[in-house]
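This report concerns only the one structure given below.
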């Protein structure tokens, strides 16, 4: 059979011509090419639509998805970030990759790099540093550095652990608990038991007039709390007897564990608070109470928003919880730094009680702070019993203290018993009312002159009265000694939570603007009105000195004596009180008010 050459291309062209002749429609390829051209930059998540028009493209009504703006808008190295017409179409250079060692050539034995010179250099440096900074011990208690020294100082770390261990041996309940990090941060105090030559648990902290050690500035407290244990010399127990025990005890410690309530910044202020109270670690409420009396001689005598007041033998213990997460009477607990300021303020006012030597300003009207404690743990059972007795008789407005957890911290202000508050005290006559006013006015004047002091919360619950038979009382105001007639009535001013004072190095105050509810009391209520007037006087600059606030509280006391207290008085006496209140408007400080004629016959200059 003869072979025949077939022209396939001619047959295909012929089929195409036949299809056109019989009316078979050929696909419109131009439309396909046009749509693919439009898909060069497809928009994300926009559905594609088939076009039914053979005449061209029509505008799509599908929603346009906006290009994400989550990008850096830095123009560094760019010609434009907005207009597509200005986009730089130059290809971006590829980032250089990590340098990789070139492959070893085949057939050759490559030698590894030689680091002998570098190694010799660092060995020389290490040897020098070890010689200068970390000498090796030759024998216990002696360190060699150059020539041998027989009486060298014990290194800080060894000293800290040694003293901690000795404290733990002598009295385990006072030994510093917890982590190694806490032990190394333990401050050295003049009353720290491990720094005394002789020590027993009964002498760790005793109530008395010499406590607490008073610091007039927060900076001095911080310096003391941050001082190194190496600054104190310890005598009494040989070092050799404790070295092996230290190693064993340290193994039991955690390097990082610390109670959450004492972490971070709170730990610093907590340490400073311990320092101000003369302690190296918290005590328990039970230990605090047993240092004053037996547990059967405790009664509750009052309460406040932030704490409870108990009569413990001849003293009053004001217990204020702080630093915890539990709400106290609906309020957030105070922070340790807030309690620290109140502690410093109370100790500063204690200085006004000294009349010995050349003193420019002195008085005994501000309550004496006998002692200060930082405690931790559950509420003592005797305190709970006293609290429940009070609740049964008076109906407490505070939360039950049994709800406090095991890690709750407290500051205990141990103060003298100043008597009954003005709200419940029964005045006998107008002379006692005048004695109250002159003592409060002069006390504020003395504190103003000494420390720019403003009480800022001198309501009738913060003034205590007692009859002690004293006929006169001495005040010293700017070097001038004054004998004040008391008519047998003695006044004590308490509660410095809202007070402002200038210790000479620090200005301590409470920003009352942080508590807007303080100014939202009922209109016409005398106490609530004074808070609002103080806000107007200070223009909410609470750190500033505005002794006019003391005058506002003197006016409040006059209103209390006129409207709230019943005692023997005449219409003339009431007119004198109203006249005094009016004249107080013109005074800018308690010092100015002390010169008012109302007090002239009650004060005798020496």
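The values are calculated or read from the model by the stated rules, or taken from the named source; none is laboratory data. None of the values given here were measured: they were computed from a predicted structure. Counting neighbours? That spans all protein chains shown, and the Cβs are built from the backbone with ideal geometry, glycine included.
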- Going through segment 361-385 in order, the residues found to be outside any helix (DSSP H, G or I) and crowded, with 22+ Cβ neighbours inside 10 Å are 363, 365, 366, 367, 369, 371, 372, 373, 374, 375, 380
- Before we move on, is residue 372 within 29 Å of the chain's Cα centre (by Cα) and over 21 Å from residue 509 (Cα atoms)? no
- Query: over 23 Å from the mean Cα position of the chain (by Cα), farther than 30 Å from residue 506 by Cα and at pLDDT below 95: does that describe residue 419?
  - Reply: yes
- Residue in segment 590-604 that is without any contact (Cβ under 8 Å) to a residue 24 or more places away in the chain, assigned to a loop (DSSP other than H, G, I, E, B), surrounded by fewer than 18 Cβ atoms within 10 Å (Cβ to Cβ) and in the same structural domain as residue 504 (by TED's automatic domain parsing) present: yes
- Taking into account only those residues within segment 507-526 that are in a helix (DSSP H, G or I) and in contact with a helix residue (DSSP H, G or I) (Cβ under 7 Å, 6 or more places away or on another chain), which is nearest to residue 331 (Cα to Cα)? 518
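Being outside any strand (DSSP E or B) and either more than 26 Å from residue 308 (Cα to Cα) or not assigned by TED's automatic domain parsing to the domain that holds residue 538 (or both) is the filter here; which residues of segment 459-506 pass it?
First, pick out the residues of segment 459-506 that are outside any strand (DSSP E or B): 459-462, 468-471, 478-479, 486-488, 494-499, 503-506.
Hits for segment 459-506 are 469, 470, 471, 478, 479, 486, 487, 488, 503, 504, 505, 506.
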- Item | In segment 454-486, the residues that are at positive phi and surrounded by 19 or more Cβ atoms within 10 Å (Cβ to Cβ) | 456
- Query: Condition test on residue 407, is it farther than 27 Å from residue 277 by Cα and either assigned to a strand (DSSP E or B) or in contact (Cβ under 8 Å) with a residue 40 or more places away in the chain (or both)?
  - Reply: no
- Query: So is residue 529 under 39 Å from the mean Cα position of the chain (by Cα), at pLDDT 95 or above and farther than 29 Å from residue 369 by Cβ or not?
  - Reply: yes
- Item | segment 552-572: number of residues that are closer than 18 Å to residue 422 by Cβ and part of a helix (DSSP H, G or I) | 12
- Query: If you go through segment 483-493 one residue at a time, do you hit one that is without any contact (Cβ under 8 Å) to a residue 60 or more places away in the chain and within 33 Å of the chain's Cα centre (by Cα)?
  - Reply: no
- State yes or no: is residue 505 out of contact with any strand residue (DSSP E or B) (no Cβ under 9 Å at 6 or more places or on another chain), under 17 Å from residue 444 (Cβ atoms) and surrounded by fewer than 14 Cβ atoms within 10 Å (Cβ to Cβ)? no
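With respect to residue 574, is the statement that it is surrounded by fewer than 17 Cβ atoms within 10 Å (Cβ to Cβ) and in contact with a strand residue (DSSP E or B) (Cβ under 8 Å, 6 or more places away or on another chain) true?
No; evaluated as a whole, the condition is false for this residue.
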